[in-house]
Amino acid sequence: MCGCLHREAFTGATLSPAEGKKKVPASEEAGYSTARCVAFAVARVFRPGDFTAMQSRGDRLMKSIVVVGAQWGDEGKGKVVDYLAGSFDYIARCAGGHNAGHTVIYDGNRFVLQLIPCGILRPGKHAVIGSGVVVDPVALAAELDTLAKSGIDVTGRLHLSNRAHLIFPYHRQMEKAAEAARGAWKIGTTSRGIGPAYEDKMARHGIRVGDLLNPARFREKLERVIAEKDAVCRATYGVPLDTAGMAEQYLELGERLRPLISDVSVLINHALDAGRSVLFEGAQGTMLDIDFGTYPYVTSSNAISGGVCTGLGVGPTRIDAVAGVTKAYTTRVGSGPFPTEMPDLEATEVRDRGKEYGAVTGRPRRCGWLDLVVLQYAIRINGISSLVVTKLDVFDTQKEIQVCIGYHYKGTPLREMPAAAEDLAEVTPEYATLPGWQSVTYGVQDAAKLPRLAVAYLKFISDFLGVEVGMISTGPDRDATIVCAATQLATWI
Ligand code: IMP
């Protein structure tokens, strides 16, 4: 009652403590104790709107958005991030390594970035590689060379976490040996040493980017690790580790990378405090996440939105929204269950139309129909508030389109995504068949110019999932993009 009365009595301007006390008689008349009046006075001085520390988080103008893959990776995040990056100050990556391949095409130029966030292609924007990323300095140096050749200057704009773990050649060597040993059970990795680098991180004998800055410490750590790895490699695979010249090469690269290295959690959090906008660029996809993907046919990091917190040192309360990227159909590379996989002939058609070959390995991607069970799951795991649908144009000549709307397992409908890959491999998808639009959406930039049946397809997806479609990609070029009016996503641009 007390609070209510006070709110009614004083809804005017902020009062000084003295003024607050002066107004107390209103409550004295009502018989309140002094203690209550003091509490009231304090409440008057610090009204909700006056808690500036809290207000800076609640009412800030900044934007902090995660872009995440909603399927098995290769959803076209590179293009989406590149498009959105024009409206953000910082673009930051939190997980994975040079197993990712983010393709960006503009002004007739094609860039495939594997480690450096796509935002670097936008003049003046900052690109950040977080502590959750595993970094092969040789690959990073090669990417820097490619950017330099294209006249893209990264000075003062590219930031590399001192806590990110390093990938060494022995990680690749051990990965190849392990994959070969798995035989038919192989995961079909990208052979970049990603998994073994994360294994070392979790086993607490990884070596981090920051170690490169202290040569004596780096040499000592590397020697210890090499001795152990060599013994394991000889005993397990019967081959010695090839480590000649490795320390010198890495220390040299460390010197080159020195100006980029810092505590990027401090950088991003300070940027957010200052009201700057941050776009978090996901790598791989939800179904490749180490915890929530089709384990063990997954990558070795957290590819979901939660990876932003652990892989960049940014608290969950600092994230405003999550965009989930999905193709108009589904693809996956490597082994593992894929319920909506198309038969060979159909898959070949979609693969050719969609140019579905890995950006990193060149491997043909497996192709299948859109799976709304996967998307429903991705929406829940990531907290997706807006969907981006890419490669809509790949269906331009499709007569009928199948969409998976449910799974049956041993004759019973499944309510949730099964945890075991073996169970997912046995589900039978239930499909809805939708008519194809059989006209051109390629390059369309205006939603009003989309064929009616293409709109119906997108509406079906959005209605089924209960999430807006905020953006549509109709071709690989930066401009072949539709931002849907009156959506949450449109407010970020
Ligand atoms: P790794 O990440 O190289 O260990 O590979 C593990 C699995 O994730 C394999 O099936 C890869 O094909 C898959 N994978 C890793 N990165 C990507 C990506 O960027 N796009 C699609 N699949 C990926």
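Structural remarks
- Just so you know, the Cα atoms of the stretch 217-308 work out to an Rg and Dmax of 19.1, 56 Å.
- Straightening the chain between TYR442 and GLU255 buys 62.7 nm, computed as 0.36 nm per residue apart minus the Cα-Cα spacing.
- Radius, Kirkwood style, for the stretch 367-427 when every pair of distinct Cα atoms is counted (Å): 13.5 Å
- Net charge over other residues, Cβ less than 12 angstrom from the Cβ of ILE482 (K, R count +1; D, E count -1): -2
- Other residues whose C-beta falls under 9 angstrom from the C-beta of VAL298 contribute a net charge of -2, scoring Lys and Arg +1 and Asp and Glu -1.
- Taking the square roots of 5 times each eigenvalue of the Cα gyration tensor of the stretch 262-324, largest first, gives ellipsoid semi-axes of 25, 12, 8 Å.
- For VAL128, residues with placed amide H under 5 Å, excluding near neighbours: ILE91, ALA92, ARG93, HIS159
- Residue separation of ASN109 and GLU416 scaled by 0.36 nm, minus their Cα-Cα distance, works out to 106.3 nm of gained length.
- Here the stretch 237-377 is described by how far its Cα atoms reach on the three principal axes: 51, 50, 28 Å, from widest to narrowest.
- Sites VAL266 and ALA432, calculated FRET efficiency, Cβ-Cβ separation with R0 56 Å, nearest 0.05: 0.70
- Only the Cβ atoms of Lys and Arg (+1) and of Asp and Glu (-1) were treated as charged; on that basis the dipole of the chain about its Cα centre amounts to roughly 920 debye.
- Net length available on complete extension from LYS149 to GLU179 is 7.3 nm, with 0.36 nm assigned per residue and the Cα-Cα distance removed.
- Computing FRET efficiency as 1/(1 + (r/R0)^6) for LYS459 and ALA247, where r is the C-beta to C-beta distance and R0 is 60 Å, gives about 0.55.
- Distance violations [Cα-Cα > 20 Å] among LYS79/LYS355; LYS176/LYS221; LYS77/LYS125; LYS391/LYS449; LYS77/LYS327: LYS176/LYS221
- Projected over every direction and averaged, the convex hull enclosing the alpha-carbon atoms of the stretch 407-490 yields 7.6 nm².
- Cβ-derived FRET efficiency at R0 22 Å, ALA425 paired with ASP344, nearest 0.05: 0.75
- The chain: Rg to Rh, with Rh as the Kirkwood radius over Cα pairs: 1.06
- Counted over the stretch 337-479 with a bin width of 10 Å, the fraction of Cα pairs per bin, in whole percents, is 10, 37, 39, 12, 1.
- For the stretch 123-253, the dipole from Cβ point charges (+1 on Lys and Arg, -1 on Asp and Glu) about the Cα centre works out to 360 debye, to the nearest 20.
- In the stretch 135-250, one over the average inverse separation of all distinct C-alpha pairs is 15.6 Å, which is the Kirkwood hydrodynamic radius.
- Report summary: the helix-based calculation at 222 nm, which adds -39500 (n - 2.57) for every DSSP H run with n ≥ 4 and divides by the residues of the chain, gives -10500 deg cm²/dmol.
Coordinate-derived values only; no laboratory data. Because the structure is a prediction, the values reported are computed rather than measured. With ideal geometry, Cβ positions are generated from the backbone for all residues, glycine too; neighbour counts draw on all protein chains shown.
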